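A.B. asks: The structure follows.
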Amino acid sequence: QVQLVESGGDLVQPGGSLTLSCAGSGSMFSTTAIGWTRQAPGKQRELVGYVSSGGSAIYVDFVKGRFTLSRDNAKRIVHLQMDNLKPEDTGVYYCHTLGTSPVYWGQGTQVTVSS
């Protein structure tokens, strides 16, 4: 079993930066890929990217070059560094496991990009 807790959401101006964190517990965390998915108001959830247990990261096209994933398995934490934020990045950001059954989700953290 894995428990995930996100933090770091905030109000930020366009062009600004923010780092989200996903703290995990449970023995599975260090061997499980962790993803970030966001949900904008009135829209479906969309995957932002994920990082493998070994630290390799994959990003969707609309965040490539702006978002960076990293993880520290010893500390059981995954970071999502977000730069050059745009208003369309606004939403609730969730971290979750990949490849597990069931999939474990955090409670989400709100990111608002607005001037």
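The values are calculated or read from the model by the stated rules, or taken from the named source; none is laboratory data. Here the structure is a predicted model, which means the values were calculated and not measured. Areas reflect the complete protein model, heavy atoms only, side chains present, ligands, DNA and RNA absent. Shrake-Rupley method; radii C 1.70, N 1.55, O 1.52, S 1.80 Å.
A.B. asks: Excluding ligands, DNA and RNA, what is the solvent-accessible area per residue of the chain at a probe of 1.4 Å, expressed in Å²? Walk me through the intermediate numbers first.
C.D. replies: Details: 5820 Å² over 115 residues.
I get 51 Å² per residue for the chain.
A.B. asks: Calculate, in nm to one decimal, what LYS75 and TRP105 gain on full extension: separation in residues at 0.36 nm each, minus their alpha carbon distance.
C.D. replies: Difference between extended and current length: 8.9 nm.
A.B. asks: Tally up the carbon and sulfur contribution to the accessible surface of segment 17-115 as a whole percent, 1.4 Å probe, everything protein left in place.
C.D. replies: 50
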